[in-house]
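A.B. asks: Just dropping this structure here.
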Amino acid sequence: MTKTIGIVTSGGDAPGMNAAIRAVTRISHYKGCNVIGFERGWDGLLTNTFRRLGPRNVGGIIHTGGTILHTLRCPAFEDPANQEIGVQTLCKNNVDALVVIGGDGSFRGALELSKRSGVQVIGIPATIDNDVYGTDETIGFDTAVNTAVGTIDKIRDTALSHERIFVVEVMGRKRGFLAVHVGIAVGAEVILTPEKPTDTRGVIQIMEKNSAKGKRAGIIVTAEGAGDSTKLTAELQEQTESEVRLSIVGYAQRGGSPTARSRLLASLFAEKAIESICNNGGNRAIGLQNGVITSIELEKAARGTKELDLRLLEVADMLSI
Ligand code: ADP
Ligand code: F6P
């Protein structure tokens, strides 16, 4: 019997979501399934807004950022009554399986939907935060890291010319995966994360040590969730002899053409998702674990918390001697 597979992109967009939409659509059709794409995240299920997707509808998007299905934050979907509307929408359109492309919040919504409907729900992890339990890496993370690294390499040029200290804020409201990976890749003198907050006094002590070693310029990479970067910059300027400036990398990290790695993850995660659907594998979350594309129970992914390896911060300290 021909299955109908639904796709939804939800939460913060991430470079590579379009590559995932393309792969889910093409592999589904390769396996003889139909595909419908719901518009604007969970809102598409609340308003029954979708478009039919064929192999030709997803041509020319593998290299583009964003999501052709659009996305949004949809707090209304946390209301069980609205989740029931979502179930009815899936039923009305005879959807046999739903592929949810998003981050940890989207996985929580996907879990609620799976508990209320007989539809097989598969999560594909896509967020620049890389904070989804059950996968070493999410779609979009590599692209966001490279975007921030490219920006900060440019900032280091002017920092060295003026012998200035730059506080550079990267995204990551709850977790410091972006800050740590970017910080090590740019050779940051200090990396601040939500997991290991460091007060201004502590940062000044590091700066003073560096200055004594002859390091007069420096980069401080801070996750947006590690504290108020504007306040930190002002305090460093007031309390040290250095000239201190602030740069916020911002939403550029959410866009841009996905890197080859983000496109590859998107394509291979999609293949695993459709394989699971064709094998009636239940509600699953796709992920990369130790170099292997695999899946875990959706409930474990949605309820789990992915912790940052704080040893990476120790490595960063050694490298900034
Ligand atoms: P991301 O998926 O990038 O983490 P969000 O945290 O905004 O982004 O989650 C995406 C959407 O998933 C939310 O806007 C909301 O509609 C839904 N969602 C998040 N948490 C839950 C939950 N516990 N129950 C139901 N829906 C949820
Ligand atoms: O979840 C990805 C993310 O970019 C976070 O790093 C950031 O804190 C948040 O989304 C910003 O949310 P919004 O796009 O709703 O402003």
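A.B. asks: Can you pull out the residues in the range 262-289 that are among the basic types (Lys, Arg) and in contact (Cβ under 8 Å) with a residue 40 or more places away in the chain? Outline the logic, then answer.
C.D. replies: Pass one, the range 262-289, residues among the basic types (Lys, Arg): 263, 272, 284.
ARG263, ARG284 - these are the residues of the range 262-289 that are among the basic types (Lys, Arg) and in contact (Cβ under 8 Å) with a residue 40 or more places away in the chain.
A.B. asks: Have a look at THR259, THR222, THR230, THR200 and point out the one that is hydroxyl-bearing (Ser, Thr, Tyr), surrounded by 21 or more Cβ atoms within 10 Å (Cβ to Cβ) and modelled with pLDDT of 95 or more.
C.D. replies: Numbers: THR259 fails: surrounded by 21 or more Cβ atoms within 10 Å (Cβ to Cβ); THR230 fails: surrounded by 21 or more Cβ atoms within 10 Å (Cβ to Cβ); THR200 fails: surrounded by 21 or more Cβ atoms within 10 Å (Cβ to Cβ).
When all the criteria are applied, what remains is THR222.
A.B. asks: Next question. Output the residues belonging to the range 111-131 that are in contact (Cβ under 8 Å) with a residue 60 or more places away in the chain, away from ligand 2 (no atom under 16 Å from the Cβ) and small (Gly, Ala, Ser).
C.D. replies: SER114
A.B. asks: Suppose we filter ILE191, ILE155 for residues that are touching a helix residue (DSSP H, G or I) at 6+ places or on another chain (Cβ under 6 Å) and either under 22 Å from GLN253 (Cα atoms) or within 16 Å of ligand 2 (Cβ to nearest atom) (or both); which single one remains? Walk me through how you get there before you give the answer.
C.D. replies: Working: ILE155 fails: touching a helix residue (DSSP H, G or I) at 6+ places or on another chain (Cβ under 6 Å).
None of the other options fit; the residue is ILE191.
A.B. asks: Follow-up. Please enumerate the residues belonging to the range 14-67 that are surrounded by fewer than 24 Cβ atoms within 10 Å (Cβ to Cβ), more than 15 Å from ILE124 (Cα to Cα) and of a type in the set (A, V, I, L, M, F, W, C).
C.D. replies: Hits for the range 14-67 are CYS33, ILE36, LEU46, PHE50, VAL58, ILE61, ILE62.
A.B. asks: Which pairs do you get when a residue that is within 11 Å of VAL249 (Cα to Cα) and touching a residue at least 12 places away in the same chain (Cβ under 8 Å), found in the range 166-185, comes within reach of a residue that is within 16 Å of ligand 1 (Cβ to nearest atom) and of a type in the set (S, T, N, Q), reach meaning Cβ atoms under 7 angstrom, with the pair 6+ apart or on two chains?
C.D. replies: Between residues of the range 166-185 that are within 11 Å of VAL249 (Cα to Cα) and touching a residue at least 12 places away in the same chain (Cβ under 8 Å) and residues that are within 16 Å of ligand 1 (Cβ to nearest atom) and of a type in the set (S, T, N, Q), the close pairs are VAL170/GLN253; MET171/GLN253.
A.B. asks: To continue, here is another question. When the range 214-253 is examined, which residues are found to be part of a helix (DSSP H, G or I), within 14 Å of ligand 2 (Cβ to nearest atom) and either farther than 15 Å from ALA188 by Cβ or of a type in the set (Val, Ile, Thr) (or both)? Talk me through it step by step, then tell me what you get.
C.D. replies: Residues of the range 214-253 that are part of a helix (DSSP H, G or I), as a first pass: 224-226, 229-239, 250-253.
Still in the running and within 14 Å of ligand 2 (Cβ to nearest atom): 224-226, 229, 250-253.
Result: GLU224, GLY225, GLY250, TYR251, ALA252, GLN253.
A.B. asks: When you look at GLY118, is it out of contact with any helix residue (DSSP H, G or I) (no Cβ under 7 Å at 6 or more places or on another chain) and at pLDDT below 95, yes or no? Break it down stepwise before answering.
C.D. replies: Details: out of contact with any helix residue (DSSP H, G or I) (no Cβ under 7 Å at 6 or more places or on another chain): yes; at pLDDT below 95: yes.
For GLY118, the condition - out of contact with any helix residue (DSSP H, G or I) (no Cβ under 7 Å at 6 or more places or on another chain) and at pLDDT below 95 - is met.
A.B. asks: Taking only the range 155-175 into account, find how many residues are more than 16 Å from ligand 1 (Cβ to nearest atom), assigned to a loop (DSSP other than H, G, I, E, B) and surrounded by 24 or more Cβ atoms within 10 Å (Cβ to Cβ).
C.D. replies: Qualifying residue count, the range 155-175: 0.
A.B. asks: Next up: Of (1) buried (at least 19 other Cβ atoms within 10 Å of the Cβ); (2) within 16 Å of ligand 1 (Cβ to nearest atom), PRO194 satisfies all except one. Which?
C.D. replies: Of everything listed in (1) buried (at least 19 other Cβ atoms within 10 Å of the Cβ); (2) within 16 Å of ligand 1 (Cβ to nearest atom), PRO194 misses just condition (1).
A.B. asks: Can you confirm whether the range 128-140 contains a residue that is closer than 24 Å to VAL221 by Cβ and more than 16 Å from ligand 1 (Cβ to nearest atom)?
C.D. replies: Yes, the range 128-140 contains a residue that is closer than 24 Å to VAL221 by Cβ and more than 16 Å from ligand 1 (Cβ to nearest atom).
The values are calculated or read from the model by the stated rules, or taken from the named source; none is laboratory data. Computed from a predicted model, the values in this text were never measured in an experiment. Neighbour counts run over all protein chains shown; Cβ positions are idealised from the backbone, glycine included.
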